[in-house]
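The values are calculated or read from the model by the stated rules, or taken from the named source; none is laboratory data. What you see is a predicted model; the values in this text were computed from it and never measured. Neighbour counts are summed over all protein chains in view; Cβ atoms, including those assigned to glycine, are modelled from backbone coordinates with ideal geometry.
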Amino acid sequence: MTGMVAQIEQGSYFTVYAPRQMGKTTLLRRIASILEDKPDYIPLALSFEAFEGWPVADFLSGFSLDLKRELESRGATSTDSDQSVQQVPDTFFALREFFLDLHRQVTPKRIVLIIDEFDSTPREAIAQLLQLWRQIYLSGTSPRSLHSVVLVGLQNIATLNLGRSSPFNIARQVEVPVFSDDEIRFFFEQYTAESGQGFTEDAITSIQQQTGGHPFLVNRLAVMLTEQLVPDRTQEIARLHVETAVRMLVTERNFNFETLIRRANPHRDVVLNILFGVHEVFNLNDPAIGDLQLHGVIRETPEGACQIANPIYSVVLLAAFRSRQSGLQGAILANGYDVRPHIVGDQLRIDQLLSRFRAFIERRGREAFQVTPTPREATGQYLLMAYLDWLVREIGGDLFTEVDSGNGRLALIVVYRGHRYIVETKVWRGQRGFDAGLEQLQGYLETEGETEGFYVIFHARPNVYGKLPDHQLEYTIQRGRITIHAYLVRLGDMFDATESS
């Protein structure tokens, strides 16, 4: 914020860009508020959201009328103003004269033009509008008729195809970042100071991890936690409450999720690859990668790969792109099966259910795996999810998912009679990846205070990663006090002959 105000004071023209609901509009208002307290500045904050698709002449008239109203509300013009300022420009020449006459009227004050939703500018008007501002910037007069111009929207100005009219060489770009961990912590500490209701340390950590710092998600979870789940201000909010809020959030319908799914859908295959751990190089010159990053669907990992922006988005996209056919196949696999023999006291023998799943897939997998257009390696995880979901809900249990798209980790958490069963799934991409997943599962179990976990690996490309030995498809790994049951599900023979050797 301080850096942006400093740029304005220096007379910079720059863009502020980020995906939707990242706090751009709030940032705009805060900048305008700061400038309002400076007597030598006139901040004019407008939005172009309503102008999308308008004819150029109508856009110019609407823009000019909004400018006039904003000027009048700030007392910068009046009915006694110069006639040129009172007129409504409908050409770029008239708009240029409007700015010049306005400048003469308000000097020595400095006009700062801040435009939200700049992406909604009619396409035919963008190049000429930017060229007009470029001319003003390079006019050489001091002070300029527009001291500073700030464009707020989805795109960095460099992504606009504007030919020679682009003012790249005089414009700076500022990306709105996600909240840092420290900012999230400060946000909740402020809430505690004002309300008296505290958050445990692991609750704040969970919010940081699940949201990835996305402002909308942080604020939405805060509202759900404090107004719906724990309205009693004397009760501390714990990690269990955050987990419940996340489960509620990922199933609700809101504008943020609708936009996420709509923007991701044209690149569904790429998104599914990223979700299930395929290494996609983060290169903004790739049109699909550039588009997904522009709309906040993905981010770059430290290793230069693509990752879904945050775990909540991963779960939302996983549900949105889940094939109905694979869900049906999982239901057929589970339907009619009596789970009761696998219940001992209040415990569910999840190991036996996973063993049955592995045997079924190897016996009848080709039929099951030719039902969905999703990437083949992802189909196994979808089928297991559908299979367990059907079975555990038949006996009054629940199934939840956690996704880490950075490494293809999909955790299925079965809850039955107060017991949690953590089933980690991954696609086989070599022994190194297998071992890394095992370490992650062990760490997760230790964090959750569990002593038993389940590790299901889908092996889909034997010609790439080698065949698995027949005698070692189900086994147990003991790591200290933690027991991990491993299941290796072979899929290679179910695909084309060129993929099985």
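Can you tell me which residue in the stretch 67-99 is surrounded by the most Cβ atoms within 10 Å (Cβ to Cβ), limited to those that are at pLDDT below 80, more than 17 Å from Tyr41 (Cβ to Cβ) and of a type in the set (Ser, Thr, Tyr)?
Of everything passing the filter in the stretch 67-99, Ser81 is surrounded by the most Cβ atoms within 10 Å (Cβ to Cβ).
Restricting to the stretch 331-377, give me the number of residues that are modelled with pLDDT of 55 or more, hydroxyl-bearing (Ser, Thr, Tyr) and outside any helix (DSSP H, G or I). Full working, then the answer.
Going residue by residue through the stretch 331-377, those that are modelled with pLDDT of 55 or more are 331-365, 367.
Filter once more, keeping what is hydroxyl-bearing (Ser, Thr, Tyr): 337, 355.
Then keep just the ones that are outside any helix (DSSP H, G or I); that gives 337.
Of the residues in that region, 1 qualify.
Being outside the structural domain of His214 (by TED's automatic domain parsing) and of a type in the set (Gly, Ala, Ser) is the filter here, so list the residues in the stretch 244-268 that pass it.
Ala264 - this is the single residue of the stretch 244-268 that is outside the structural domain of His214 (by TED's automatic domain parsing) and of a type in the set (Gly, Ala, Ser).
If you check Leu130, Leu146, which single one turns out to be of a type in the set (A, V, I, L, M), modelled with pLDDT of 80 or more and assigned to a helix (DSSP H, G or I)?
Going through Leu130, Leu146 in turn, just one is of a type in the set (A, V, I, L, M), modelled with pLDDT of 80 or more and assigned to a helix (DSSP H, G or I): Leu130.
Being hydrophobic (A, V, I, L, M, F, W, C) and either at pLDDT 80 or above or farther than 20 Å from His279 by Cβ (or both) is the filter here, so list the residues in the stretch 378-400 that pass it. Working first, answer last.
Narrowing the stretch 378-400 to residues hydrophobic (A, V, I, L, M, F, W, C): 378, 383-386, 388, 390-392, 395, 399-400.
Those that are hydrophobic (A, V, I, L, M, F, W, C) and either at pLDDT 80 or above or farther than 20 Å from His279 by Cβ (or both): Leu383, Leu384, Met385, Ala386, Leu388, Trp390, Leu391, Val392, Ile395, Leu399, Phe400.
Only one of (1) surrounded by fewer than 17 Cβ atoms within 10 Å (Cβ to Cβ); (2) free of Cβ contacts under 8 Å to residues at least 60 places away in the same chain fails for Ser64. Which number is that?
All conditions are met except number (1).
Being at pLDDT 85 or above, in contact with a strand residue (DSSP E or B) (Cβ under 9 Å, 6 or more places away or on another chain) and more than 14 Å from Gly453 (Cα to Cα) is the filter here; which residues of the stretch 401-425 pass it? Quick ask: steps written out before the conclusion?
Residues of the stretch 401-425 that are at pLDDT 85 or above, as a first pass: 412-425.
This time we only want the ones that are in contact with a strand residue (DSSP E or B) (Cβ under 9 Å, 6 or more places away or on another chain), so: 412-417, 419-425.
Across the stretch 401-425, the qualifying residues are Tyr416, Arg417.
Do you know which residues across the stretch 9-34 are assigned to a helix (DSSP H, G or I) and either basic (Lys, Arg) or within 17 Å of Leu67 (Cα to Cα) (or both)? Even if it seems obvious, please write down each step before you answer.
Start the filter on the stretch 9-34 by keeping residues that are assigned to a helix (DSSP H, G or I), which leaves 9, 24-34.
Matches in the stretch 9-34: Lys24, Leu28, Arg29, Arg30, Ala32.
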